[in-house]
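Working notes, structure below.
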Amino acid sequence: MPPMQPQIDELKRRLDDHDRRMDVADLMRQDSHKMLAELHQALMVPQYGQGDKSLLERMAEVTVAIESGDRATESLLKWLKRLAFVGALLAAIGGALLKLEIWKE
């Protein structure tokens, strides 16, 4: 055996290991590409029977509707609180007038 043969064998073994790791990395890249393509198909491509809108567009519309509904609810609650305050104020004034009995004369 020539004196360089062990080093050559070690380099071949390293090269084989490297080739196996590259094959695994290539399979992972292909799998990732496939998953991204499926994700794009599910989220971004218009869907038949859904107004030709993608899932992402429909999710955005629902989010906007919920947010605007929340704002409308908050506004309604503010007005109801104001009306309740005015009602309580009128009741207090009416109670005070009843105690004073101003209009019985």
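Consider residue 48 against the criteria (1) aromatic (Phe, Trp, Tyr); (2) exposed (fewer than 10 other Cβ atoms within 10 Å of the Cβ); (3) assigned to a helix (DSSP H, G or I): it satisfies all of them except one. Which criterion is unmet? Of everything listed in (1) aromatic (Phe, Trp, Tyr); (2) exposed (fewer than 10 other Cβ atoms within 10 Å of the Cβ); (3) assigned to a helix (DSSP H, G or I), residue 48 misses just condition (3).
The residues of the stretch 1-41 that are modelled with pLDDT of 90 or more and either of a type in the set (Ser, Thr, Tyr) or not in a helix (DSSP H, G or I) (or both) amount to a single one, 32. Contact map, the stretch 1-26: first residue surrounded by 10 or more Cβ atoms within 10 Å (Cβ to Cβ), second residue of a type outside the set (D, E, K, R), Cβ cut-off under 9 Å, separation 6 or more or different chains; pairs are 8/2.
The values are calculated or read from the model by the stated rules, or taken from the named source; none is laboratory data. In this text the structure is predicted, and so the values were computed from the model without any measurement. All Cβ positions, even for glycine, are placed from backbone atoms using ideal geometry, and neighbour counts span all protein chains on display.
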